[in-house]
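Remarks on the structure that follows.
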Amino acid sequence: MDLGITGKVALVTAASKGLGRGAALALAREGCRVAICARTPETLEATAAELGTETFAIAADVSEPDAPRRLVEATVERFGGLDILVANAGGPPPSRALDVEDATMHTALEANLLASVRLTQAAVPHMRAAGWGRVVMITSKGVKQPIPGLAYSNVSRAGLWAWAKTAAQDLAADGVTLNLVCPGPHDTDRVRELGMKGPLGDPEDFGRLVAFLCSDSAGFISGAAVQVDGAGTLGLL
């Protein structure tokens, strides 16, 4: 299936490994010119080499307040525009709900809520000017069913979903879609560190779903939170 995004410019954050890497790889295989960022230069450069010559690697911590603007500006300067944003960030540490601390909660909100908001705010003017754009935010199945022991993640990502659902309505008339992808356990470093058990998804399969949501054919899908968890979420909505 031709997704119709050959030559489009994509920015994927936290993309040197895991689900971000899977998304960047899928977009590169569809012919996109891809900018990626991560905090560790060594893994970032290795992933960029794997993606190919139309890849631009930027070392950055997306949770820093000024980083989203700088990432968008650097991408536009390199490729001349920005059509696709895949907003991703590393997950916060585990915690029970009654054990949360203010400082760690603030850090989680910076990384898993505000970074995606800032990225979208910086990217959308370029998409509106072109009359076409795709924003996909990688979150967690905790958006729909809170995960015991991951209170920081549950709170920050649910807040992002509320913002994204509102923003998708604001963008509907501009040819710009905004969706969340909500993964359950996949075969990533974070899942192994958390010691999650059971079947694991393939990050490259996950990336192909992200690429579809960035396609021409997905132009009427917006304001959705798509769970990718192997039937792990029990709720009906």
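Coordinate-derived values only; no laboratory data. Predicted model only: the values in this text are computed from it and were never measured. Don't worry about glycine lacking a Cβ; one is built from the backbone with ideal geometry, like all the others, and counts go over all protein chains shown.
Odds and ends about this structure:
- R0 of 25 Å, Cβ-Cβ distance residue 163-residue 187: FRET efficiency to nearest 0.05: 0.30
- Distance between the C-alpha centres of the range 1-74 and the range 213-237: 22 Å, rounded to the whole angstrom.
- Relative contact order for the chain, counting Cα pairs under 8 Å that sit 6 or more residues apart, in percent: 23 percent
- Cα-centre dipole for the range 9-227 with unit charges at Cβ (Lys and Arg positive, Asp and Glu negative), debye to 20: 440 debye
- Cross-link table 8/165; 141/165; 144/165, entries beyond 21 Å C-alpha to C-alpha: 8/165
- Our estimate of slack between residue 73 and residue 130, defined as 0.36 nm per intervening residue step minus the Cα-Cα distance, is 18.9 nm.
- Between 0 and 90°, nearest 10: helix 203-213 axis offset from the chain longest Cα axis: 60 degrees
- Efficiency of FRET between residue 172 and residue 194 - r from beta-carbon atoms, R0 25 angstrom, step 0.05: 0.10
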